[in-house]
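Student: Below is one structure. I have some questions about it.
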Amino acid sequence: MKQVWTAVAAAVFAVGSHAAEPIKIGVAGPFTGGSSSMGVSMRDGVRLAAEEINKAGGVLGRQIQLVERDDEAKNERGVQIAQELINKEKVAATVGYINTGVALASQRFFQDAKIPVMNNVATGSVITLQFKDQPDNYIFRNAAHDSIQAPMIVEEAVSKRGFKKVAILADSTNYGQLGRADLEAALKLKGITPVAVEKFNIKDVDMTAQLLKAKEAGAEAVLTYGIGPELAQIANGMTKLGWKVPMIGSWTLSMANYIDNAGPGGEGARMPQTFIQEPTTPKRQSFIINYLKTFNPKNSRIDSPVSAAQGYDSIYLLAAAIKQAGSTDGPKIKAALEDLKTPVEGVVTTYNKPFSKGDHEAITANIPVMGEVKGQRVIYAYPDDFKKASEVRLKDVNAKGAMEQKKRQ
């Protein structure tokens, strides 16, 4: 009889142990190298959210366990990590991806395995459309895609500031070249052809040749799409040439490795932002205080505030879906994300029905604002946006300003 009870107790213990197993969530991004400002900030935002959720009891009575991997901004490394997270770690979902190329190379494995991916930083317009022809799409995003950002950049340069002659400087990555195409399409809608379109490579330190072409073509502003410290070399190259025109580019101009490496020459650059490090709502204030206290970044400035905020929000979105699904089964999490019943209060916005079966983008064109580098940090470019910042901007699928994503192939 004792042996029977021992067997029963062991079985009960095994069931109890299984129920208490942590929920594994993959975190993939570049934690070293030129994109690490974004990657580390994203990872730290993710850590902060997971810690808060775990302290509050976890999800479904289980703790979240983050499985972090450094993809080094390399496509091949991203592919290796995807396979490891799926086959070895058995993750319920994955968040991350900073670089569009890495996302496009890696997320096909999650799609095949029916495991949701929440892209929280990468902005290439095609990312959530990569599997649009398949019956089910496991790729979601809570970042402002390039079909939102490119028109904002053009609106700032052409409509608001009156520049008719603009040059484009974009890096040679997937991100840079897809963004360049989006910029050219947005300019075309305004009847403008750029006076110069120049490319640069990762780790380039001298932009003189590209800038001279832009200058000689009479450019009144330089529009940028790049992912690393090379953006600072554009500002430094202008200083070297004694030629200063406004830089207006994608959100990456807000990164610490642009601001710090460009120094005084980087001041005045403008870029779309979903989050600026200002305590404009109680949620944002709490996030900023906890982030600075936990990670103690230099000068009390988050290296990449957008990446940190979106990383934080991505975990809360997944946690809400897992809770609603009552399961860590991939198809059930996906279905819950597509029909979230309860709003999720995030740092960027309050996510009220952020996704549907045919729309996996949480951010619409009305949410981002223009930021500006001033005093070695990013502030609101327009005082009116700052005054209204306490009014949380909610998703609006009818918001004007974004190019039709279906045009992006």
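The values are calculated or read from the model by the stated rules, or taken from the named source; none is laboratory data. Bear in mind the structure is a predicted one, so any value in this text is a computation, not a measurement. Cβ coordinates were reconstructed from backbone atoms using ideal geometry, including for glycine residues, and neighbour counts include every protein chain displayed. With ligands, DNA and RNA removed, areas are computed over all heavy atoms of the protein, side chains included. Shrake-Rupley method; radii C 1.70, N 1.55, O 1.52, S 1.80 Å.
Student: Search segment 235-252 for residues being open to solvent by 20 Å² or more (accessible area, probe 1.4 Å) and in a helix (DSSP H, G or I), and hand back the single one that is nearest to Q177 (Cα to Cα).
Tutor: Among those residues, the one meeting the criterion is N236.
Student: Among the numbered criteria (1) open to solvent by less than 60 Å² (accessible area, probe 1.4 Å); (2) touching a residue at least 60 places away in the same chain (Cβ under 8 Å), which single criterion is violated by K90?
Tutor: (1)
Student: Another question, if that's okay. What strands (runs of 3 or more DSSP E) completely inside segment 157-229 contain at least 1 residues that are in contact (Cβ under 8 Å) with a residue 40 or more places away in the chain and surrounded by 23 or more Cβ atoms within 10 Å (Cβ to Cβ)?
Tutor: 166-171, 221-225
Student: Between residues in segment 362-386 that are at positive phi and residues that are buried (at least 21 other Cβ atoms within 10 Å of the Cβ) and part of a helix (DSSP H, G or I), which pairs lie under 8 Å by C-beta distance while being six or more apart or on different chains?
Tutor: Q376/I259
Student: Let me ask you something else. Residue by residue through segment 277-289, note down the ones that are assigned to a helix (DSSP H, G or I) and polar (S, T, N, Q).
Tutor: Of everything in segment 277-289, those that are assigned to a helix (DSSP H, G or I) and polar (S, T, N, Q) turn out to be Q285, S286.
Student: Still on this structure, I have one more. Here is a check on your reading of the model: is R69 more than 29 Å from R180 (Cβ to Cβ), not in a helix (DSSP H, G or I) and not aromatic (F, W, Y)?
Tutor: yes
Student: Which one of the conditions (1) in contact with a helix residue (DSSP H, G or I) (Cβ under 6 Å, 6 or more places away or on another chain); (2) crowded, with 24+ Cβ neighbours inside 10 Å; (3) modelled with pLDDT of 95 or more does G39 fail to meet, given that it meets all the rest?
Tutor: So G39 meets the others, but not (1).
Student: To continue, here is another question. From the list A308, A319, A256, A232, which one is surrounded by 22 or more Cβ atoms within 10 Å (Cβ to Cβ), out of contact with any Leu (no Cβ under 9 Å at 6 or more places or on another chain), under 23 Å from I64 (Cβ atoms) and in contact (Cβ under 8 Å) with a residue 24 or more places away in the chain?
Tutor: Going through A308, A319, A256, A232 in turn, the sole match is A319.
Student: What number of residues within segment 22-61 are in contact (Cβ under 8 Å) with a residue 12 or more places away in the chain, over 22 Å from E84 (Cβ atoms) and not in a helix (DSSP H, G or I)?
Tutor: Residues that pass the stated criteria total 5.
Student: Just one of V397, V347 is closer than 20 Å to H145 by Cβ, touching a residue at least 24 places away in the same chain (Cβ under 8 Å), open to solvent by 30 Å² or more (accessible area, probe 1.4 Å) and β-branched (V, I, T); which is it?
Tutor: V397
Student: Still on this structure, I have one more. Give segment 335-344 a look and list any residue that's touching a residue at least 12 places away in the same chain (Cβ under 8 Å) and open to solvent by 10 Å² or more (accessible area, probe 1.4 Å), or say none.
Tutor: Passing the criteria: E338, D339, K341, T342, V344.
Student: Sort through Q83, Q3 and tell me the only one that's open to solvent by 70 Å² or more (accessible area, probe 1.4 Å), part of a helix (DSSP H, G or I), of a type outside the set (F, W, Y) and modelled with pLDDT under 95.
Tutor: After ruling out the rest, the residue left standing is Q3.
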